[in-house]
Amino acid sequence: MIFTDSHTHLYSEEFQNDRTEMIQRAIDAGVSRFFIPSIDSAYTQKMYDLENQFPENIFLMIGLHPCYVKENYLDELSHVETQLATNKFYAVGEIGIDLYWDKTTLDIQKIAFKYQIQLAKKYKLAINIHCRDAFDEVFEVLESEKSDDLFGIFHCFAGNLEQAQQAISLNMKLGIGGVATFKNGKIDQFLNQIDLKHIVLETDSPYLAPVPYRGKRNESSYTIIVAQKLALIYGVSVDEIATVTTQNSKSIFGI
């Protein structure tokens, strides 16, 4: 079985003491494809270092995370554009809108989100969407950019069935992680109404660890715990979850 973690922050300071061991632990468990989202320019070199260390396993995205859209956002967007022009990436992300931490930056978050969608289209890449307390705002931007060359993943999807269907209608896969294992996560109540062809696995490590590790550091090997939960929800084998979700990730990322 080959598992794909479609969203993991392997460069995080949370892993500074055991990063290599943690990655190898995941590979040994069968999680052999890691897609790394960008946050801002401060992490770019760390991402390249990881790619050089595990060239067969690690695949990079580039983008400006909405929580990092600040006064210097134009400089950060220029950095994203420069990286896209000079290096190989598999998606533009993570990008989107976050109104949980700061509502005052909504206008520039929208500008950054829209601009990066247009970059993804230019380079024929997927987008990886971060959405927190902002479904209406994210869908507004996506609808304005709707086209055949707009596609990607709704990372850490935690909406309702109607929002899931709207995301899928916009050529998005749903990134499902630890939230599916939470008692109050709610998505487990309707996921079996969503065809598995629209689902990819993710951890968002080091965040959002699945039960029984909730509240502790998440890591990519826990992708398998999410797969086990989905196997229960869909009434299929873990092998089928691994196969279908990895194939879905290939269709999005092109590798």
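The values are calculated or read from the model by the stated rules, or taken from the named source; none is laboratory data. Remember, predicted model here, so these are calculated numbers, not experimental data. Don't worry about glycine lacking a Cβ; one is built from the backbone with ideal geometry, like all the others, and counts go over all protein chains shown. Quick note on the areas: whole protein, heavy atoms, side chains included, nothing else; ligands and nucleic acids left out. Shrake-Rupley method; radii C 1.70, N 1.55, O 1.52, S 1.80 Å.
Quick look at the values:
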quantity	calculated
Cβ-Cβ under 7 Å pairs, at least 6 apart or on other chains, the range 19-42 side over 16 Å from L60 (Cβ atoms), far side in a helix (DSSP H, G or I) and among the aliphatic types (A, V, I, L, M)	A29/I224; G30/I224; V31/I224
Residue list for the range 57-86, restricted to those being among the hydroxyl-bearing types (S, T, Y) and open to solvent by less than 20 Å² (accessible area, probe 1.4 Å)	none
The range 227-248, subset open to solvent by less than 20 Å² (accessible area, probe 1.4 Å) and touching a Ser or Thr at 6+ places or on another chain (Cβ under 7 Å), residue farthest from G159 (Cα to Cα)	T246
Criterion violated by V179 - all others in (1) closer than 16 Å to H155 by Cβ; (2) free of Cβ contacts under 8 Å to residues at least 12 places away in the same chain satisfied	(2)
Any hit, the range 132-143, residues being open to solvent by 60 Å² or more (accessible area, probe 1.4 Å), under 14 Å from I95 (Cα atoms) and assigned to a strand (DSSP E or B)	yes
Hits in the range 33-51 - residues which are part of a helix (DSSP H, G or I) and of a type outside the set (S, T, Y)	A42, Q45, K46, M47, D49, L50, E51
Residue count for the range 1-32, restricted to those that are crowded, with 22+ Cβ neighbours inside 10 Å and assigned to a strand (DSSP E or B)	4
Options F54, F89: the member that is of a type in the set (A, V, I, L, M, F, W, C) and either surrounded by fewer than 22 Cβ atoms within 10 Å (Cβ to Cβ) or over 21 Å from G152 (Cβ atoms) (or both)	F54
Residue in the range 189-197 that is on the phi > 0 side of the Ramachandran plot and either hydrophobic (A, V, I, L, M, F, W, C) or open to solvent by 10 Å² or more (accessible area, probe 1.4 Å) (or both) present	no
Filter result (among the polar types (S, T, N, Q) and closer than 17 Å to I108 by Cβ) within the range 120-152	S144
Pick from the range 210-225, criterion in contact (Cβ under 8 Å) with a residue 60 or more places away in the chain and more than 16 Å from D18 (Cα to Cα), ranking: surrounded by the most Cβ atoms within 10 Å (Cβ to Cβ)	T223
Residue within the range 13-34 that is out of contact with any strand residue (DSSP E or B) (no Cβ under 6 Å at 6 or more places or on another chain) and under 30 Å from I108 (Cβ atoms) present	yes
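For (1) touching a His at 6+ places or on another chain (Cβ under 7 Å); (2) assigned to a helix (DSSP H, G or I), each residue gets a yes or a no:
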{"residue": "L60", "(1), (2)": "no, no"}
{"residue": "E71", "(1), (2)": "no, no"}
{"residue": "V92", "(1), (2)": "no, no"}
{"residue": "Q109", "(1), (2)": "no, yes"}
{"residue": "I117", "(1), (2)": "no, yes"}
{"residue": "N128", "(1), (2)": "yes, no"}
{"residue": "I153", "(1), (2)": "no, no"}
{"residue": "A158", "(1), (2)": "no, no"}
